[in-house]
Amino acid sequence: MQTLQVDLGERSYPITIGAQLIDQAELLSRHIRGKQVAIVTNDTVAPLYLERLKRSLAGYSVTPVVLPDGEAHKNWETLQSIFDALLAARHDRNTTIIALGGGVVGDMAGFAAASYQRGVSFIQVPTTLLSQVDSSVGGKTGINHPLGKNMIGAFYQPQAVLIDTATLTTLPARELSAGLAEVIKYGLICDEPFLGWLEDNVDSLRALDQQALTEAIRRSCAAKARVVGADERESGIRATLNLGHTFGHAIETHQGYGVWLHGEAVSAGTVMALEMSRRLGWISAAEQQRAVSLLARAGLPVVPPANMRAEDFLEHMAVDKKVLDGRLRLVLLKRLGEAVVTSDFPREVLESTLNANYDSLAQAPST
Ligand code: NAD
Ligand code: GLY
């Protein structure tokens, strides 16, 4: 078992990583103040892990809240159903909400915790690779709007993050790959040696080697904790965590939520950010190809959807949260391992990036 810390003064919290952690009652109880707990989960994860988590909460009054599964349900209606369940079971301000599931459950349960009776305690128990390396850490919570991803929400930090790596054994392979997009992201934005490690270990990760997974999760969470500790509210460096996300969110919104997985859209979006960085002369064609090959080896799409034109991207990108005073800001790479957030690029470079042909990158042999 390994423990990291997110350092945010009085809102600091531990991230604990290890196998079978959901069976360790004490890891939960030390973060629970009152007697009431609500476990927010979904109808895929509940049959797998809800009973085990409930057993670890013996002695508490537990309300399970089982949501419909899927990004398409990350909306007001589902959020309202969480409040309905909390009020029906008379949860008071001392209650603790536990999110058991992937990023969709975590983001919605966190937003419910931020707003129920103006804020109650919250524990993240992430069960997808993506949520273990990214969404459960850092306090971004929220729901989608039909016009834009994650447009309604709040910054609200959990009391603790409990990462049970053994839950990944039931995760579909496509979802594991989607999580690897965010793992590779950390290498690209701030940890070039980690890219080398990933090149050596991507096959073990896809084969669910627990030691490799623990190391990838530990390194990813350490990078995220560092960035969030330096810039909790995203006034600067935290925006670099969104490499590929501006292009990716456009893909997710255009295709319809849930058609492309978040990590898949981030992967294709990252390839577009790499293309733009190369066109600006910041990275070489060989560096671009190295990163694209790693994403492809992780089982991820590296070509944007064929049905999206440049105008489609521009329309969706105009509502990105990084747009300030009407100016689009993008996360690009100065080199592998160093990201910048910038609005300082010629419009023609963005347009040529959106119109580029990505098929040849995808067809190059993997290194
Ligand atoms: P998800 O929550 O939809 O989970 C993916 C699928 O795996 C779902 O069908 C889920 O039910 C299932 N599942 C979860 N755990 C499982 C397990 N152990 N075994 C079998 N099936 C399991 O998707 P995700 O990729 O975890 O998260 C994506 C969401 O996270 C998006 O909404 C995205 O916007 C959000 N996100 C948030 C942040 C943040 O900082 N808050 C960061 C990145 C992504
Ligand atoms: N996933 C981006 C962030 O947490 O800031």
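The values are calculated or read from the model by the stated rules, or taken from the named source; none is laboratory data. Quick caveat, the model's predicted, so the values are computed rather than measured. Here Cβ is always computed from backbone atoms with ideal geometry, including for glycine, and neighbour counts include all displayed protein chains. Quick note on the areas: whole protein, heavy atoms, side chains included, nothing else; ligands and nucleic acids left out. Shrake-Rupley method; radii C 1.70, N 1.55, O 1.52, S 1.80 Å.
Here are the numbers for this structure:
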quantity	calculated
Residue match in segment 103-125 (condition: more than 24 Å from G229 (Cα to Cα) and β-branched (V, I, T))	no
Search result, residues across segment 163-175 that are open to solvent by less than 10 Å² (accessible area, probe 1.4 Å) and either under 21 Å from E338 (Cβ atoms) or away from ligand 2 (no atom under 16 Å from the Cβ) (or both)	D164, T165, T167, L168
Residue that is surrounded by 18 or more Cβ atoms within 10 Å (Cβ to Cβ), under 30 Å from G256 (Cβ atoms) and of a type outside the set (S, T, Y), where the choices are D43, D69	D69
Subset of segment 289-305 that is touching a residue at least 60 places away in the same chain (Cβ under 8 Å) and assigned to a loop (DSSP other than H, G, I, E, B) - its residue that is farthest from L336 (Cα to Cα)	G299
Some residue of segment 125-142 being part of a strand (DSSP E or B), within 16 Å of ligand 2 (Cβ to nearest atom) and open to solvent by 10 Å² or more (accessible area, probe 1.4 Å)	yes
Hits in segment 79-106 (condition: β-branched (V, I, T), open to solvent by less than 10 Å² (accessible area, probe 1.4 Å) and either under 16 Å from N150 (Cβ atoms) or part of a helix (DSSP H, G or I) (or both))	I82, V105
Number of the condition not met by T44 [criteria: (1) part of a strand (DSSP E or B); (2) within 28 Å of K74 (Cβ to Cβ); (3) polar (S, T, N, Q)]	(1)
Residue selected from segment 58-78 under the condition assigned to a loop (DSSP other than H, G, I, E, B) and away from ligand 1 (no atom under 16 Å from the Cβ), by the criterion farthest from L180 (Cα to Cα)	G59
Top-ranked residue of segment 231-250 - restricted to ones that are open to solvent by less than 30 Å² (accessible area, probe 1.4 Å), assigned to a helix (DSSP H, G or I) and hydrophobic (A, V, I, L, M, F, W, C), ranked as farthest from D7 (Cα to Cα)	A250
A181, sole failed condition from (1) part of a helix (DSSP H, G or I); (2) in contact (Cβ under 8 Å) with a residue 24 or more places away in the chain; (3) surrounded by fewer than 21 Cβ atoms within 10 Å (Cβ to Cβ)	(3)
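Table: residues versus (1) more than 28 Å from A222 (Cα to Cα); (2) charged (D, E, K, R); (3) in contact with a His (Cβ under 8 Å, 6 or more places away or on another chain).
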residue	(1), (2), (3)
L4	no, no, no
L27	no, no, no
R30	no, yes, no
K35	yes, yes, no
P64	yes, no, no
